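What follows is a set of notes on a single structure, which appears directly below.
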Amino acid sequence: MSSYRMNVRFNLELPRERRAAECLKRLGTSRNRFVVDAVIAEPESRDQESMLRRILQDELQNVAVAAPPVALESPKPDALTAEEEKQNVQNILEDLSLFG
């Protein structure tokens, strides 16, 4: 059997690399098998992602997206008390007196 060997080093000061190293330490199976399977799966995963993106793009081009109209309501004023109503009438009469 011919084999290709390589060493992998993780920079434990980088959070992502530290998590990757910890993940490999926790494996109950062969680290070698895990890495080989991951490397093999990567291109397949990218191909599937690319295919899924194309399908979604094609389907979304045929879909009309519309938001329901938003009903704008003006705030309703609170009812005036009798005293406030009387004051409003007084203010209007005073304002009108300015015209003549």
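Considering only residues that are in a helix (DSSP H, G or I) and either open to solvent by less than 70 Å² (accessible area, probe 1.4 Å) or among the aromatic types (Phe, Trp, Tyr) (or both), which ones fall in the stretch 16-42?
Within the stretch 16-42, the subset in a helix (DSSP H, G or I) is 16-26, 31-42.
Passing the criteria: GLU17, ALA20, ALA21, CYS23, LEU24, PHE34, VAL35, VAL36, ALA38, ALA41.
Can you tell me which of LEU12, LEU56 is of a type outside the set (Ser, Thr, Tyr), in contact with a helix residue (DSSP H, G or I) (Cβ under 6 Å, 6 or more places away or on another chain), at negative phi and surrounded by 10 or more Cβ atoms within 10 Å (Cβ to Cβ)? From the options LEU12, LEU56, the qualifying one is LEU12.
The values are calculated or read from the model by the stated rules, or taken from the named source; none is laboratory data. What you see is a predicted model, and the numbers here were worked out from it, not measured in a lab. When we count neighbours, we look across all protein chains shown, and the Cβ atoms used for this are built from the backbone with ideal geometry, even at glycine. Protein only, heavy atoms only, side chains kept; ligands, DNA and RNA dropped before computing areas. Shrake-Rupley method; radii C 1.70, N 1.55, O 1.52, S 1.80 Å.
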